[in-house]
Amino acid sequence: MAQYFEVHPDNPQPRLVKQAVAILQGGGVMAIPTDSSYALVCQLDDTKAVERLRRIRQIDEKHHLALLCRDLSELSSYARVDNRQYRLLKQATPGPYTFILDATKEVPRRVSHPQRKTIGLRVPDRKGTQLLLEMLGAPLIASTFIPPGETEPLNDPQEIRDRFEKLIDGVVDAGPCPHQPTTVVDLTPMENGGEAIVVREGRGSLAALGL
């Protein structure tokens with residue numbers, strides 16, 4: 001049975017967020033709000049939790065998972081970034097974007113793309129999620145919460161509770177999220193002098209990135 005936390009979207013209660021952090025630290029898989037839709041998350045270094053997350057979403061190892069980071073200070077440990085890439089990241093974060101970057105050896109193979117050795121990176125602009133990441137002190141593995149066989153991400157925490165409370169360990173309810181996925185941009189071509197490639201246009205503005 002999933003625990004349910006009603007967190008204020010603008011003034012998240014630290015007591016409740018701390019309880020959610022404890023669930024994650026105990027190996028839990030949770031649904032949390034982001035600035036695009038709700039996402040399924042778990043700890044980066046928890047093999048069983050990552051496997052559960054993939055089973056719930058029914059996705060294989062070729063499906064890109066993302067790292068939810070509090071800010072860019074955590075970036076260098078998990079992705080290789082040159083100056084051009086960093087400038088673009090800095091102007092776009094926090095915000096509703098997922099950036100594909102080359103993963104470092106700190107990222108377990110099970111969560112990076114098996115052929116490309118890449119990882120998605122997100123820095124969400126959502127106060128409750130930011131506080132959760134701050135209290136956890138580490139990035140989270142995340143996947144947009146799109147139910148198996150469906151194409152639209154979930155943005156209603158009560159619906160998530162009703163449909164998935166037996167499969168996940170917790171739901172952080174900070175109100176509905178925008179019903180639109182992140183904009184996904186592949187930054188890896190920039191390493192060789194190329195240009196960023198838009199993989200999916202979503203909520204994040206391409207004009208803001210100069211794309």
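Where a number appears in this text, it was derived from the coordinates with a stated rule and is not lab data. Remember, it's a predicted structure, so these values are computed and weren't measured experimentally. All Cβ positions, even for glycine, are placed from backbone atoms using ideal geometry, and neighbour counts span all protein chains on display.
Side notes on the structure shown:
- Cα-based shape type of segment 3-209, given that a ≥ b ≥ c are square roots of the gyration tensor eigenvalues and the cut on a/c is 1.5: prolate
- For segment 163-210 versus segment 1-37, the gap between their alpha-carbon centres in whole angstrom: 20 Å
- Distance between modelled label sites at K105 and A208, nm, 7 Å Cα→Cβ extension: 3.6 nm
- Gaussian network model of the chain, Cα within-10 Å springs - most flexible of T188, T118, T151: T151
- Top of V50, V107, V171 by mean-square fluctuation, Gaussian network on the chain, Cα under 10 Å: V107
- Simple label model, 7 Å out from Cα along Cβ direction - E150 to M135, nm: 2.7 nm
- Helical runs (DSSP H, four residues minimum) scored at -39500 (n - 2.57) apiece and divided by the length of the chain put the mean residue ellipticity at 222 nm at -7000 deg cm²/dmol.
- Hits among aspartates and glutamates - C-alpha to C-alpha of K127 under 16 Å, sequence gap 8 or more where chains match: E6, D10, D35, D71, D173
- Here R54, R15 are placed in order of increasing Cβ neighbour count within 10 Å, fewest first, which gives R15, R54.
- Ordering T104, T34, T183 by the number of other Cβ atoms within 10 Å of each residue's own Cβ, fewest first, gives T104, T183, T34.
- Calculated FRET efficiency for the pair D125/R84, C-beta based, R₀ 30 Å, to 0.05: 0.85
- Candidates A196, A103, A31: whichever shows maximal mean-square fluctuation once the chain is modelled as a Gaussian network with Cα springs under 10 Å: A196
- 29 Å Cα-Cα threshold exceeded, pairs from K105/K166; K18/K166; K18/K117; K48/K105: K105/K166; K18/K117
- Neighbour-count order for I168, I160, I197, fewest beta carbons within 10 angstrom listed first: I197, I160, I168
- Pairwise label distance in nanometres, K62 with K18, each label 7 Å out on the Cα-Cβ vector: 4.6 nm
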